[in-house]
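The next block holds one structure in the form of structure tokens; read it before the comments.
The values are calculated or read from the model by the stated rules, or taken from the named source; none is laboratory data. It should be emphasised that the depicted structure is a prediction, and the values quoted were computed from it without experimental measurement. Here the Cβ positions follow ideal geometry from the backbone for every residue, glycine too, while neighbour counts run over all protein chains shown. Surface areas here come from the heavy atoms of the whole protein model, side chains and all, with no ligands, DNA or RNA. Shrake-Rupley method; radii C 1.70, N 1.55, O 1.52, S 1.80 Å.
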Amino acid sequence: MRYAVAVEPVWSLDAWRTAARFGLRGGIAPDAIDWPCDAQAMLLPAAALSDAPALHPAPSVPAGFVELAEAVLCHRDPQRYALLYRVLWRLCQGERGLLDRASDADINRALMLRKAVQRDVHKMKAFVRFRAVPGETDAFLAWFEPEHFIVDRVAPFFMRRFAGMRWAIVTPYRRATWDGEALALGAGGHRDEAPADDANEELWRIYFAHIYNPARANPRMMQQEMPKRYWKHLPEARLIPELLNQSAANVEAMLTREATAPRRRIPVRVTTAPPVVADSLTTLRDALTTCRACELWQPATQVVAGEGPREARTMLIGEQPGDREDLVGRPFAGPAGRLLDRALVELGIDRDTLFLTNAVKHFRFEQRGKLRLHKNPLRRHAEACSGWLEHELRLVAPRQIVCLGAVAAAAVFGSSFRLQQQRGQWVDLGGGRRAMATVHPSWILRLADAAEQGAAYDGFVRDLRLLRGRDGEAQSGAA
């Protein structure tokens, strides 16, 4: 026995899925079903698929198939229904990995249809042009001729994009209307429903003429992205033939034109802190507030200068301020600072005797909603701040330096320094000064495993223990 079924609307996933479910529950093989494109084809002598006896339970299919079917059904290929039912039948017959086999003839064909629909969706988003409706306030209408049945699929995009105005998109088979509150979908219309022109058309042409680059004119590539079938709906398309004809002459004019001086002065990129006369840490902090050596000053709340006694024997250099430090303007004031304080207390080292600073003086972050997520500073950010660090080293003149993290270590030892291989080792810098490096406490806090975090903290404390002299007395006090 043969069965026949109609799908209405012809692009509807729900309508096709209902029919396909009747076929699967009745155990009806793909070659026994006629899938006409409209109800008139039901005049063929065949039983209705909905009358098939239910012999099997409703099947479950992978979510990926539903997504594929929803796109393929928007294609105009009359064989799409049979193709999808054949794929569905094979999935239910045990070919569970079928969707992953792109070389399979059915899957390959389905993917090609989906790609064509996706391409048509992209073209509709790019080439719909709204025109003001004469006699109405804030009302717009656009005429478009899609290649496939995509209006229902694309209409929500325009609803979100143009939520503040009333509009309608009319196509030969379907229309979408947004009144500012609800989206309505209905029957299609005719080209003459859309206004022939409006004041915005000239703005499109002016914009297109200004961005057109004759030196990169490529008609073949242009028509791949903007096929000629859409040109009749685009106001700027009227300029294309003339612009193409003039391209050669315009390029020649560009080549022979005498060079002109730039209209604005391009600032020279500053890679180090500007020279300042700083005879005290207070003067240095005031100068830091004017630093514009890199872009980090713009989103940051404030600059975070070093803090501690000028006569400190030991200087701890971190990588950059964190969220809390950026808000309060003090180094090591956040969670990493609290972990550092814990380690110093265990070692009997008074934080107030240390000079604490960072290699980079502004907070670099990425905004995620209300959160500001830490981002590692780049090498150029450390280079831009290197002059400020040199000023601090000159004014404080510490006997020993501890670099916390790779950015700080690179600022002191150079980019060839390898933190994990060389951590916890004193390096003589000359002039009675020595330095070593260890991990930054924030790195410890980012470890998810409790055991790993505990081991990392123990190693951190072990490195900081080198600040104590051989006799067990802390070496962090004033000289």
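When you look at LEU183, is it in contact with a strand residue (DSSP E or B) (Cβ under 8 Å, 6 or more places away or on another chain), modelled with pLDDT of 75 or more and open to solvent by 50 Å² or more (accessible area, probe 1.4 Å), yes or no?
Yes, satisfied.
For the range 51-85, what are the residues that are surrounded by 17 or more Cβ atoms within 10 Å (Cβ to Cβ) and more than 38 Å from the chain's Cα centre (by Cα)?
Once the filter is applied, which keeps residues that are surrounded by 17 or more Cβ atoms within 10 Å (Cβ to Cβ) and more than 38 Å from the chain's Cα centre (by Cα), the range 51-85 yields only ALA52.
Just need a number here: residues in the range 2-22 that are at pLDDT 90 or above and in contact with a strand residue (DSSP E or B) (Cβ under 6 Å, 6 or more places away or on another chain).
So the answer is 0.
How many residues are in a loop (DSSP other than H, G, I, E, B) and of a type in the set (Gly, Ala, Ser) when one looks only at the range 174-194?
Total meeting the criteria: 5.
Let's see how each residue does on (1) at pLDDT below 70; (2) not in a helix (DSSP H, G or I):
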| residue | (1), (2) |
| --- | --- |
| GLU201 | yes, no |
| TRP231 | yes, no |
| LEU244 | no, no |
| VAL251 | no, no |
| PRO267 | yes, yes |
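Which pairs do you get when a residue that is over 14 Å from GLU319 (Cβ atoms) and open to solvent by 30 Å² or more (accessible area, probe 1.4 Å), found in the range 393-419, comes within reach of a residue that is basic (Lys, Arg) and part of a loop (DSSP other than H, G, I, E, B), reach meaning Cβ atoms under 8 angstrom, with the pair 6+ apart or on two chains?
Going by the 8 Å Cβ cut-off, the qualifying pairs are ARG399/ARG313.
Just to verify a result, which residue in the range 269-294, among those that are modelled with pLDDT under 75 and surrounded by fewer than 12 Cβ atoms within 10 Å (Cβ to Cβ), is farthest from the chain's Cα centre (by Cα)?
VAL277
For the subset of the range 99-153 comprising residues that are among the basic types (Lys, Arg) and out of contact with any Phe, Trp or Tyr (no Cβ under 9 Å at 6 or more places or on another chain), which member is farthest from PHE65 (Cα to Cα)? Give the steps one after another, and end with the answer.
Here is the first cut: in the range 99-153, the ones among the basic types (Lys, Arg) are 101, 109, 114-115, 119, 123, 125, 129, 131, 153.
Among the residues that remain, those that are also out of contact with any Phe, Trp or Tyr (no Cβ under 9 Å at 6 or more places or on another chain) are: 101, 109, 114-115, 119.
Details: ARG101: 13, ARG109: 14, ARG114: 12, LYS115: 15, ARG119: 19 Å.
Selected residue: ARG119.
For the range 3-31, name all the residues that are without any contact (Cβ under 8 Å) to a residue 40 or more places away in the chain, open to solvent by 20 Å² or more (accessible area, probe 1.4 Å) and either of a type in the set (A, V, I, L, M) or in a helix (DSSP H, G or I) (or both).
ALA6, ASP14, ALA15, THR18, ARG21, PHE22, ARG25, ASP31
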